[in-house]
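Okay, structure first, notes after.
Please treat every number below as a calculation from the coordinates, not as lab data. This structure is a prediction, so every number in the text was calculated from the model and none was measured. Ideal geometry is used to build each Cβ from the backbone, glycine not excepted, and the neighbour counts take in all protein chains shown.
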Amino acid sequence: ELSPQEYFRSLQAGKASLAYFNRNVSPGPQPFLEQIEDSAEALQDYGISVVKVNCPDKDVSRYCAKENALRKAYLFRGNLLIREFPTDALFDVNSIIANVLFALLFNEVKYVETLADLQNVENTLKGRSNMVFAYVPATGTAEHRAVMEAAFVYGTVHQFVLTTEATLLKDAGNDEPDVSSARLLFCHCQRATDLAQPCRRTAMEQALTKLNIHRHLKLMEAPLVTEVAEDPEKVSTVHLQLGLPLVFILSQKETYEADRRTAEFVAWQLLGKAGVALLSRDLVDLNVLLRSNIALKTPDEGAAIKYLVLEDADEIITLVEDKNKVKQIQEDEEEEEEDEDEKENNNQDVQDDQVVEAVSRDKKRELRLDQVLALTEETFDSALLETSRTVVLFYASWEAVSLAVLRSYIEVADRLKGVEGVLLSRVNCWDWPGVCTKENVTQFPTVKIYEKRERSVTYDGMWGTEELSSFITLSRVSCPLKLATIDEAEGYLRGDFPSELSSYRHASLLGVFSTATSEARKAFEEAGNILSGHVTMGVYFEDDALALSHKYEVSPPALLLARSGGRSVESITVSKQSAQDMVQMIRYELLDIFPEITVQNLPRYLQLGKPFLILFSDGDIDQVEGEEMLKLAKGTPQQVFVACWLNLKKTPVGHGVLKTYFATTPLLPVLVWVNLHAGGQIFKFPSEQPITETNVLSWLEKLKAGLEIPSSTLSEEDWKPPLPAYDFLQMMETAMPELPLLHTSHPHGDMPPRHLPKSPGGDTTAQEELSQENKAEKVGSPGRDLRGTAPRLAAREKQGKKHSKL
Amino acid sequence: DYIVFERSHAPGSFFALYPRHRKLISINKRYTGKSNSEFNLRHDWNSLLSHDRRLLFQRYSRDFFPDADAMVRYLEDFASLLQLRVQYNTAIIHVTLEKDERAWNGHYFLLTDQDRQNYKCSSLLVATGTWVPNVVNFPGSEYVEGYETVSINPEDFAGQTVLILGRGNSAFETAENILGVTNFIHMVSRSRVRLSWATHYVGDLRAINNGLLDTYQLKSLDGLLEGDLEDLAIVKDKKGKLHITLRFYLENRNTSAGIDSITLPQDELDNFATRAPYDRVIRCLGWKFDFSIYNRSLRMMPGKGNKKKYPQIKPSYESRSTQGLFVLGTASHSIDFRKSAGGFIHGFRYTTRAVHRLLENRHHGVPWPSTVYPVTQLANSIIKRVNEASGLYQMFSVLADIILLRENGTAFEYLEEYPVGVLAELEMQTGRKAPSGLFVIIMEYGRNFSGADKDVFYYNRAVGEAQHAWQSNFLHPVIYYYKHLPTEHEMRLRPPDWPLPRPDAIHHIVEDFLTDWTAPNAHILPLRRFLENCLGTDLRNFFAESCFLFAFTRQKLPPFCRQGYARAQGLVGSEGLRRHAVEAGLLEDYTLMDFSGDRPPDSHGGSQDQLLRDHVIPVRPLQHLVNAKDE
């Protein structure tokens, strides 16, 4: 705020200022003053100061004295008055800035009213500089201001032309211009060579704002086609910086000229929408398909460059213009390329359960079910009474594991054909759930062996033909078998089994008890009940039991164990008294010292929780090595590890194990230490050393001392879901975004349902009816006002008169 | 210790009178092609639940729509064979409370019968049905006959013109009986007809009764009209004919004048629809619960809106205001009115059992029956239930099976047919714990499929592909997964028409034309993937050989191997099956490898696990055949 004298004294040459003369007395046009004050800061950016000149009361100087001076603002450059603005032309900040800049940039921004004027300007510019042509519906608007502000910056680079005449726009290539909205066109006159032709034009498609105009002009200034010779990942142009995509035309020496023309054609089409770069494949080593000819780089952070195969330049344009299309094309491409991978990899609806798949591939084959009697709710009880021993397989006809077991079960039936006193039968729990529930069958499959109705045993072994047949056979003989004479007992140890057991020779176990140790005997008999079917057990407790124990140098209670080879009889003193302990002990004692490990027997050794020392052998093991290993196994105190061997001929899956350990199959035989339960390290015994007890022992010492390097370590990865599930929750969300279910904290949730916005999931009919009935209830409740009814009915009649309604 | 009071001299006295024309509309389907007794209950709408196979309704009637007398006989046998303690000829006329701290619920119920005899009990189960006929009062309603007394002899209607008030099954049943002998029948009610095949609600108009719809639409003189009965008036002329007029005309009338002075609608609108006079007007407006016998202190309140004929109860079937009072049977239908089957024998037989289980837990310390399974049986236990369970099927969207996961994720507990409305109270109501998440198994129709005005026969109404299962329209199993038991607050905030609040994950088993959800690829496989992803584990089955390989090559075993093979219960599998698995690329055949130490290892390597993941030979479903889209 200055006095007139101060103001005129302060004016500097070349510096513009906007002055408003104010006389204290008049409370006059205050709103205008506010707008001026608001625009002061913006004008300052353009070097224009805004001054309020306070005229003294009696001042009669030129501006203060003027009759209507107070309704005007004055623009000075230096002390030269450039323009007087009536205050009604300066109605807001936009109009003030637009008008002030318009006045100052008189040369930079040409105002044209006719087509001829426009053409004149254009013609003079051809070959010299470019033109920015703007149409604004009126001066003093925000768009006008934006154009002027751009002109302030770019006025010296491009010629700006402004019009408020919509007719000029029509000629500028717009057939039906929307005269209410401002437009800006960039006219490429600089490169125009033919004077007869109008300059090429690129319309700005965004709204006229300072930022958009700036962006547009930046893009127009950028080279039409950028030639690049580096990895597209590293390339950055003004387009990318301004958030536009960059299209690479992948060129080769042979096609360079044509590609260059294509690039230019495309670039003109995409001007303002995307950048175009020409990439010479000969100069850059691209790791993409040779047939790819286009690459698209999007400004999104971290977005991968998409390499595409397009056939037409127009496809590039649609690609950029329709972003959805980009995605679609790209997906198609990916599908094509990854089709095979996908089929193998990522198909949720492809069965990846080996058991289910194997069973369903086998479903067309007719099973020989006649071997196995099908029981029903009606026949179950009577069937059990008919045979002394009934084996029942409880299964579900839709469940893969039980169908797999059913196949083995039929083989068992085949094998046991003709065996007296055993009936193999089955119950399909899908048909007869009542029987299964009554028999306490909660899982499929379950095999139970019934002795009439008195006793039943549930099978808890491997689901294999061999194991199941053996179990059924062994459980026919009482366990433990009571031996009457000492000869019988000795014969038992030698392997003179009851005939029905002959084909299932296992180690046999004889309990020797004196009359004083009847408690241990009872525990032994109980253990026999538990182990029935798995183990052959005999018991001898006659008076001369001592004679037997003397012979084997044990004192009763004791167990005598004859392994299936029958070479020697081991004697074990019984200290455990409970049946459970006895079972544990027997199971442990039955394990071999240096067993051949197989798929079937591994679990029994796995349960010990110890590391494994395995000798992998292609066929039977070398006798010498075997003996050395046996010595080693026997010699190790308390068996801190499981020494075993694996016959790759008999257990071919061992190849799979070796492959995991060593990637390539090592020279066989190979001795491997597997730290199964602690850390999972795999160590390989040096192949150059012969396998002898001493060598192995010293190697084990080194292992213990940490001096050996593991060949590999077993993955401790958890068993995660192999593939994702269908995400129905997300599908619902996508399909019905308004679905209230999906917003747990839905604000309407607390209200009674009829106030809820009708959801597509909601039963609208019910809601409608509800409200209808509510209405009816209100009107129809006892003691209602009848006058309320009549007009309603009358009204209904007037409007409706539909005969289907009363 | 219990006793049942029955007003009549025999059980099921309602059925001795109703339905008047004696034909039950609950189906008695004797053949399903299946022997599964649980499954067959899905299509037996008349039997009550018992352990006694003699008490199946099909032993009482061979008719698909049985005679009501068979029901009376059945109920008599049910009561006597099971030796139920029923005291007949006892009409309870008053129920009140007696405060007493020793009582289970802080009060005893005091019941008084018609002989002023008093009875006292701790829990009161009200299964009195809805037997009080709905009546409307309007001028001339004295000329109206009630459904309960109207003649059922068609001869009595010969050559008559009949107006029926109401639009339920009783109204159509009455019309059906006299359709052939009347001049014509008109039927008036407030709302449009709701066809049960369009609404999937068995209480709406059933096809067996809908002959009048034919004769109306084929212009055979019969007709349906919508209108508010409260606005009606009936005037009898000198010849005894009944004329329809509007209530408000009567109000302006000079009372002293006779019938001739009454304005009839046709006086002003000469083509008024019901201008023809009627010989008879029959009221068939249904029934409501008898609220009259309860003392105020019990606060037995009628429901809101269209549920006003039922008392207000909680989703646990307990009265809203009186602890220890449970409403069972038809009277409990407010829970699922016009939605599920809770108002009918084939529905409330299950909800009643649920109440029994709730009470067992509450008063006798007997937790809700449950079975514990290893996690490998998860998919199996669900598949078994959704294929045979009748309670889930009949009481869809109301009763649900609950799977409670045990803390270490290796086992789960299975609870059957729990009322989902009280899911939040599960731990308290069942005595079971839900420490680490739960699955809720429920059956649902497509959300926007059913309705009185819906076209349920449009093309492509059935979904055939598992990946679109969530759009299934017909009844199909839905499994909700929650990491935590939903709170009561969350239950309250659930969207309208949703049985449950937003789950952490949801799975729909695609609807099936045969309601048989045992297809390995379309039904079980997607379910397994869902369960696997909820639990974050691999639930595939493996042959023993694979488990052997994993045991030696991985530090951890998949659950199937851990719970089977590692316990010496591996699935050895027959040679044939192993071959199939090898052909499918899901099992590597190492016998084919010729190994001698110096030869380079086989090149088509990769561990077996790799094979399992990558070498799946695609089995593209036969899109056209699996689709039930077009008939």
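Key figures
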| quantity | calculated |
| --- | --- |
| Neighbouring partner chain Cβ atoms per residue of B:526-535, average, 10 Å criterion | 5 |
| Partners for A:Lys218 among aspartates and glutamates (Cα-Cα distance below 16 Å; same-chain residues under 8 apart left out) | A:Glu149, A:Glu205 |
| Largest-first ellipsoid semi-axes for the stretch A:367-475, taking √(5λ) over the Cα gyration tensor eigenvalues, angstrom | 18, 17, 13 |
| Crossing angle, helix B:525-535 versus chain B [Cα axis fit, 0-90 degrees, rounded to tens] | 80 degrees |
| Prolate/oblate/rounded call for the protein assembly as shown, Cα gyration tensor, a/c under 1.5 rounded | oblate |
| The stretch B:410-543, relative contact order in percent, only Cα pairs under 8 angstrom and at least six apart counted | 25 percent |
| Using θ = phi - 60° and Karplus 6.51 cos²θ - 1.76 cosθ + 1.60, couplings along the stretch B:322-337 (whole Hz; Gly, Pro as x) | 10, 5, x, 9, 10, 9, 10, x, 3, 5, 8, 6, 4, 4, 9, 4 |
| Relative contact order (%) - criterion: Cα under 8 Å, at least six apart; region: chain B | 10 percent |
| Amide H contacts under 5 Å for A:Arg23, placed H, 5+ residues apart | A:Cys55 |
| Filtered GluC sites (Glu not before Pro), the stretch B:37-134: DSSP coil and at most 13 other beta carbons within 10 Å | B:Glu101 |
| Cα extents of the stretch A:222-322 along the three principal axes, largest first (Å) | 32, 27, 23 |
| For the protein assembly as shown, share of DSSP beta bridges that run antiparallel, in % to the nearest 5 | 60 percent |
| Angle between chain B longest axis and helix B:378-388 axis [Cα atoms, degrees, rounded to 10] | 30 degrees |
| Sites matching trypsin sites (Lys or Arg not before Pro) across the stretch A:567-630 that sit in DSSP coil, with at most 15 neighbouring C-beta atoms within 10 Å | A:Arg567 |
| Hull shadow area, averaged, the stretch A:593-715 [alpha-carbon convex hull, nm²] | 7.1 nm² |
| Residue-averaged beta-carbon neighbours from other chains (10 angstrom radius) around B:495-508 | 6 |
| Centroid-to-centroid separation of the stretch B:501-552 and the stretch A:589-664 [C-alpha atoms, Å] | 35 Å |
| With Cα atoms, 0 to 90° folded angle of helix B:345-364 axis to chain B main axis | 70 degrees |
| Amide H within-cut-off set for A:His677, under 5 Å, with H built and near neighbours excluded | none |
| Ordering of A:663-675, B:539-551, A:427-439, A:79-91 by burial proxy (mean other Cβ atoms within 10 Å per residue, highest first) | B:539-551, A:427-439, A:663-675, A:79-91 |
| For chain B, Cys with no neighbouring Cys Cβ under 4.7 Å | B:Cys121, B:Cys284, B:Cys534 |
| Residues in the stretch A:241-264 that a label on A:Ala303 would reach, taking backbone N under 17 Å of a point 7 Å out along Cα→Cβ | A:241-249 |
| Unsatisfied cross-links (Cα-Cα over 32 Å) in the set A:Lys650/B:Lys556; A:Lys15/A:Lys110; A:Lys234/A:Lys720; A:Lys364/B:Lys384; A:Lys610/B:Lys483; B:Lys241/B:Lys454 | A:Lys234/A:Lys720; A:Lys610/B:Lys483; B:Lys241/B:Lys454 |
| Karplus 3J(HN,Hα) series, Hz, for the stretch B:391-396 with 6.51 cos²θ - 1.76 cosθ + 1.60 (x for Gly, Pro) | x, 5, 6, 6, 9, 4 |
| Long-range amide H partners of B:Tyr147 with built H, under 5 Å | B:Arg283, B:Leu285 |
| Average beta-carbon neighbours from other chains, 10 Å sphere, peptide B:379-392 | 2 |
| Ordering of B:444-450, A:16-22 by burial proxy (mean other Cβ atoms within 10 Å per residue, highest first) | A:16-22, B:444-450 |
| Computed over the stretch B:141-285: relative contact order in percent, which uses C-alpha pairs under 8 Å that are six or more apart | 32 percent |
| Unsatisfied cross-links (Cα-Cα over 27 Å) in the set B:Lys236/B:Lys288; B:Lys23/B:Lys309; A:Lys452/A:Lys482 | B:Lys236/B:Lys288 |
